[in-house]
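Engineer: First, the structure itself, so that you have it in front of you.
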Amino acid sequence: MHKKLWIGLEGMEFYAHHGVYDEEREKGGKYLVDVFVYTDATQAELNDDLDGTVNYELIYEAVSKNMQEPVKLIEFLARNIIKDIRLLIAKDDLIRIKIKKIKPPIDGVVAASVVDIED
């Protein structure tokens with residue numbers, strides 16, 4: 001019997017230049033990214049084998065690559081990251097990604113704007 005579990009990376013920190021406004025794109029800002037993959041890791045559990053699970057390093061590389069390519073919206077950014085991660089995992093695995101844009105340019109006190117997508 002195969003059991004699925006969530007495997008992921010939390011709190012990946014990046015300084016990036018995403019945003020709708022010119023100032024955001026020029027100045028940049030801090031982002032936090034969490035990625036989880038819902039996968040069958042039975043072979044990893046039974047055989048202590050990296051090939052039987054999600055490789056964290058490849059997930060990090062996919063996120064990092066996308067964080068370096070400025071876009072206007074974090075919704076679009078999240079979808080691009082999902083597309084890249086999808087190439088690294090089994091087709092029936094789920095991906096959950098959460099992106100926080102720390103202190104977005106809003107006239108008020110806001111800790112972060114957030115996008116949380118599961119695909």
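The values are calculated or read from the model by the stated rules, or taken from the named source; none is laboratory data. Predicted model, so just to flag it, every value in this text is computed and none were measured. Note that each Cβ is placed from the backbone with ideal geometry, even for glycine, and that neighbours are counted across all protein chains shown.
Engineer: Which one is farthest from G19 (Cα to Cα) among residues in region 46-56 that are in a helix (DSSP H, G or I) and out of contact with any helix residue (DSSP H, G or I) (no Cβ under 8 Å at 6 or more places or on another chain)?
Structural biologist: Applying the filter and picking the extreme gives N47.
Engineer: I'd like to know if region 101-112 contains one or more residues that are aliphatic (A, V, I, L, M) and either part of a strand (DSSP E or B) or touching a residue at least 60 places away in the same chain (Cβ under 8 Å) (or both).
Structural biologist: Checked region 101-112: at least one residue is aliphatic (A, V, I, L, M) and either part of a strand (DSSP E or B) or touching a residue at least 60 places away in the same chain (Cβ under 8 Å) (or both).
Engineer: Taking the criterion of being modelled with pLDDT under 95 and of a type in the set (D, E, K, R), would at least one residue in region 56-70 satisfy it?
Structural biologist: no
Engineer: Out of G28, G52, G19, which single residue is touching a Phe, Trp or Tyr at 6+ places or on another chain (Cβ under 7 Å) and either surrounded by 12 or more Cβ atoms within 10 Å (Cβ to Cβ) or not aliphatic (A, V, I, L, M) (or both)?
Structural biologist: Step by step, each of G28, G52, G19 is checked, and only G28 is touching a Phe, Trp or Tyr at 6+ places or on another chain (Cβ under 7 Å) and either surrounded by 12 or more Cβ atoms within 10 Å (Cβ to Cβ) or not aliphatic (A, V, I, L, M) (or both).
Engineer: For region 31-46, give me each residue that is out of contact with any Asp or Glu (no Cβ under 9 Å at 6 or more places or on another chain) and surrounded by 11 or more Cβ atoms within 10 Å (Cβ to Cβ).
Structural biologist: Listed by number, the residues that qualify are A41, T42, E45.
Engineer: Specify the residue that is farthest from G11 (Cα to Cα); the eligible residues are those in region 57-99 that are among the polar types (S, T, N, Q) and in a helix (DSSP H, G or I).
Structural biologist: N80
Residue by residue, here is whether (1) in contact with a Leu (Cβ under 6 Å, 6 or more places away or on another chain); (2) farther than 15 Å from E118 by Cβ; (3) in contact (Cβ under 8 Å) with a residue 24 or more places away in the chain; (4) not aliphatic (A, V, I, L, M) holds:
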| site | (1), (2), (3), (4) |
| --- | --- |
| I7 | no, no, yes, no |
| E24 | no, yes, yes, yes |
| G28 | no, yes, no, yes |
| S64 | no, yes, yes, yes |
| F76 | no, yes, no, yes |
| D93 | no, no, yes, yes |
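Engineer: Then there's this: Restricting to region 64-119, and then to whatever is among the acidic types (D, E) and farther than 21 Å from T53 by Cβ, can you tell me which residue is nearest to the chain's Cα centre (by Cα)?
Structural biologist: D116
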